[in-house]
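Here is the structure we will look at.
The values are calculated or read from the model by the stated rules, or taken from the named source; none is laboratory data. What you are looking at is a predicted structure, and each value in this text was computed from that prediction instead of being measured. Heads up, the Cβs are rebuilt from the backbone with ideal geometry, glycines too, and the neighbour counts pull from every protein chain shown. Surface areas here come from the heavy atoms of the whole protein model, side chains and all, with no ligands, DNA or RNA. Shrake-Rupley method; radii C 1.70, N 1.55, O 1.52, S 1.80 Å.
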Amino acid sequence: MRTAFIDTLIENVMSGKGISRKEALELESLNREELDYLFEGTNRVRDHFKGNAVKICSIVNAKSGRCPEDCGFCVQSSKFETESPEYGLMDVDQIVANAKKAEAFGSNEFSIVVSGTAMTDPKEMATLKEALRRIKAETRLETCCSLGLMSKEHLQELKDAGLDRVHHNLETARSHFESVVSTHTYDDEVTAVRNAQEVGLPVCVGGIFGMGETFAQRVELAFDIQALKTQSFPINFLKPLEGTAMEGMEVMDVYDALRTIALLRLVMPEMDLFVCGGREEVFTDNQEKLFAAGANGILGGDYLTTKGQDPKRDMEMIERLGLQPVLETEGARP
């Protein structure tokens with residue numbers, strides 16, 4: 001077993017030296033026994049940089065379906081015939097009610113997610129801004145929005161209304177992007193991230209794994225996001241959904257998924273890593289292992305168009321591991 005190689009990786013990360021792209025690529029060749037040994041190390045890395053706190057984020061699908069983009073994994077694309085719900089933007093009361101529900105079961109961050117290329121309609125912007133103001137006034141939650149390819153001007157308006165951070169996934173590596181999306185480019189995604197950064201908003205940037213990419217392309221995405229100097233990484237695993245371009249793909253093997261989490265922890269040791277979409281399908285009864293692999297956060301409650309695990313089970317799992325769910329937000333209202 002290559003314990004010396006693994007020990008050196010962990011030591012270099014713990015000391016701040018980090019790992020090289022070549023070393024990251026070598027993680028693909030580790031067998032299960034070696035991966036189990038690696039996870040002992042990534043667990044120490046997580047604890048060293050992030051402590052025993054587990055962050056919990058919740059989302060609301062505030063506007064669903066009828067999206068003109070053709071992302072191959074997404075049931076909300078108008079290019080596919082799916083059973084995904086379709087509705088316009090929720091009103092302010094509905095959004096705020098969902099935020100309070102999320103806070104009640106232990107979330108410390110709440111993300112408002114809408115379908116579409118970008119939010120530009122003045123009426124929708126007014127609704128969103130009022131919802132943000134009320135969430136900041138009536139809860140302790142950090143606010144986040146996932147709104148597509150947003151301009152700096154619109155992002156500044158939302159920041160002024162109480163937006164704390166922006167979520168915008170790159171989805172996959174640049175070299176694999178055209179196999180997933182054709183209606184916009186990888187550079188469009190990067191520009192959306194930089195627009196948020198330029199108005200002073202922290203950005204949550206991740207991707208979806210298991211969409212036919214190679215391990216080398218996962219490494220590529222990890223180092224690209226490392227270079228963007230973002231704050232957190234939502235780790236999603238493909239859940240093949242009927243009607244989408246990827247409905248026939250297989251759910252990722254659990255050890256490959258854990259290998260991917262470990263890769264991200266080693267490349268970005270100080271970043272918050274949230275395991276989000278596909279958690280139940282990929283990890284089933286192995287969800288406790290995702291923290292040893294390096295994750296320090298989860299998406300709690302429901303996903304965009306599918307149900308999530310009962311939040312009580314999540315809280316019980318976290319506490320059983322001797323970890324602490326983060327229930328309050330620094331800088332929130334008294």
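So what's the back-of-envelope 222 nm ellipticity for the chain, counting only DSSP H runs of four-plus at -39500 (n - 2.57) apiece and dividing by all residues, rounded to 500?
Theoretical 222 nm ellipticity from helices: -12500 deg cm²/dmol.
Take TYR186, TYR37 and sort them by solvent-accessible surface of the protein heavy atoms, 1.4 Å probe, largest at the top.
TYR37, TYR186
Averaged per residue, what accessible surface does the chain expose to a 1.4 Å probe, in Å²?
The answer is 43 Å² per residue.
Quick check: at a probe of 1.4 Å, how many percent of the accessible area of the range 1-82 sits on carbon and sulfur atoms?
46
What angle do you read, to the nearest 10 degrees and between 0 and 90, between the alpha-carbon axis of helix 215-228 and the longest principal axis of the chain?
Roughly 60 degrees, rounded to the nearest 10.
How about the range 1-38: which trypsin sites (Lys or Arg not before Pro) there lie in a loop by DSSP and see at most 12 other Cβ atoms within 10 Å?
When the trypsin sites (Lys or Arg not before Pro) of the range 1-38 are filtered for loop state and at most 12 Cβ neighbours within 10 Å, LYS17 remain.
Return the sequence-ordered ³J(HN,Hα) values of the range 142-149 in whole Hz as given by the Karplus equation 6.51 cos²θ - 1.76 cosθ + 1.60 applied to θ = phi - 60°, using x for Gly and Pro.
Couplings: 6, 9, 9, 9, 10, 10, x, 8 Hz.
Ignoring ligands, DNA and RNA, what percent of the 1.4 Å accessible area of the range 125-248 is carbon and sulfur?
44
Which value, in debye to the nearest 20, gives the size of the charge dipole of the chain about its Cα centre, when Lys and Arg are +1 and Asp and Glu are -1 at the Cβ?
860
Using 31 Å as the Cα-Cα cut-off, could you pick out the over-long pairs in LYS123/LYS239; LYS50/LYS101; LYS136/LYS239; LYS55/LYS239?
Table pairs above 31 Å Cα-Cα are LYS123/LYS239; LYS136/LYS239.
Under 5 Å between amide hydrogens, which residues at least 5 positions from GLY297 or on another chain qualify, with H placed 1.01 Å from N in the peptide plane?
LYS55, LEU273, VAL275
With θ set to phi - 60° and the Karplus curve 6.51 cos²θ - 1.76 cosθ + 1.60, what are the ³J(HN,Hα) couplings of the range 59-65 in order, to the nearest whole Hz, using x for Gly and Pro?
10, 10, 7, 7, 8, 10, x
Please state the Cα pair-distance histogram of the range 172-214 with 10 angstrom bins from zero: what percent is in each bin?
Taking all Cα pairs of the range 172-214, the binned fractions are 25, 48, 24, 2 percent.
Per the Kirkwood treatment, what hydrodynamic radius in Å, one decimal, follows for the range 43-83 from the mean inverse distance over all distinct Cα pairs?
After inverting the pairwise mean of 1/r, the radius is 13.5 Å.
Enter the angle in degrees (range 0 to 90, nearest 10) between the Cα long axis of helix 186-198 and the first principal axis of the Cα atoms of the chain, meaning the one along which they spread out most.
The answer is roughly 70 degrees.
Where in the chain is the longest stretch that carries no GluC sites (Glu not before Pro) classed as loop by DSSP and with at most 16 other Cβ atoms within 10 Å?
Counting only loop sites that pass the neighbour cut-off, the longest clear stretch is 87-241.
Given H placed on each backbone N at 1.01 Å, which residues far from SER146 in sequence or on other chains put an amide H within less than 5 Å of it?
ILE112, VAL113, VAL114, HIS167
Putting +1 on Lys and Arg Cβ atoms and -1 on Asp and Glu Cβ atoms, find which of VAL326, ALA216, VAL113 reaches farthest to the positive end of the dipole of the chain.
Positive-end residue among those listed: VAL326.
Which Rg and Dmax, in Å, describe the Cα atoms of the range 136-178?
So, for the range 136-178, Rg and Dmax equal 13.6, 44 Å respectively.
Can you work out D for the chain in µm² s⁻¹ from Stokes-Einstein, where Rh is the Kirkwood radius over C-alpha pairs, the temperature is 10 °C and the viscosity is 1.306 mPa s?
This corresponds to a translational diffusion coefficient of 79 µm²/s.
Write down the radius of gyration of the range 1-106 and its Dmax, each obtained from C-alpha positions, in Å.
Here Rg and the maximum Cα pair distance are 21.7, 57 Å.
Specify the angular offset, from 0 to 90 degrees and rounded to the nearest 10, of the alpha carbon long axis of helix 92-104 from the longest principal axis of the alpha carbons in the chain.
30
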